[in-house]
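Heads up: the structure comes next, in structure tokens.
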Amino acid sequence: MTKAEQIRVRIVKRLRWVSSEPNSEALWVRIRADVEKYLWALWRAKKLYGASPDEAYFVKYDRDTMTRSDINEGRIIIECGVATERPAEFVRFKVAIWAGPPPRK
């Protein structure tokens, strides 16, 4: 398993708690913070390359990575990139997980 695959699997495990939460923008903020905290720790431990976090990883998770249908069905799609070999040369991957339905308005 590559480093990027190991990171992806670890992120999925870290986000198990999401399945009991309603799929909302408040949840997205918590997910982004959780994933960024994990990747920042990897960077600080020199497991990712780059002089700064921006060179070492990125997390994209918003309405650009998910459709309205995804959101309504509780599907969360996170796009990540990690510099496992060289700074700013990202290995990209997606993480798809399930949350609860969006809150009713």
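So here's what we get for this one:
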read-out: Positive-end extreme of charge dipole, the chain - chosen from 28, 18, 59 (charges on Cβ); value: 18
read-out: Rounded FRET efficiency, nearest 0.05, which uses the C-beta distance separating residue 47 from residue 13 and R0 of 22 Å; value: 0.85
read-out: 0 to 90° range, to nearest 10: angle between helix 3-14 axis and the chain longest Cα axis; value: 40
read-out: Dipole magnitude (debye, nearest 20) for the chain, charges at Cβ of Lys, Arg, Asp, Glu; value: 340
read-out: Helix-only [θ]222 nm of the chain, DSSP H runs n ≥ 4, -39500 (n - 2.57) each, per residue, nearest 500; value: -12000 deg cm²/dmol
read-out: Inter-label distance for residue 93 and residue 2, nm, one decimal - labels placed 7 Å from Cα along Cα-to-Cβ; value: 0.9
read-out: The range 55-105 - charge dipole about Cα centre, Lys and Arg +1 at Cβ, Asp and Glu -1, debye rounded to 20; value: 340
read-out: J(HN,Hα) series, the range 63-74, from Karplus relation 6.51 cos²θ - 1.76 cosθ + 1.60, nearest Hz, glycine and proline x; value: 5, 7, 9, 10, 8, 4, 4, 4, 4, 5, 8, x
read-out: Carbon/sulfur fraction of accessible area - the chain, other protein chains in place, 1.4 Å, %; value: 51
read-out: Identified option (computed percent of Cα pairs over 18 Å apart; candidates (1) 56; (2) 46; (3) 81); value: (2)
read-out: Nonlocal Lys pairs with alpha-carbon distance under 24 Å, the chain (8 or more apart, or different chains); value: 20
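The values are calculated or read from the model by the stated rules, or taken from the named source; none is laboratory data. All values derive from a computational prediction rather than experimental measurement. Methodologically, a virtual Cβ is constructed for each residue, glycine included, from the backbone with ideal geometry; neighbour enumeration extends over all protein chains shown. Remember, those area values only see protein heavy atoms, side chains included, never the ligands or the DNA or RNA. Shrake-Rupley method; radii C 1.70, N 1.55, O 1.52, S 1.80 Å.
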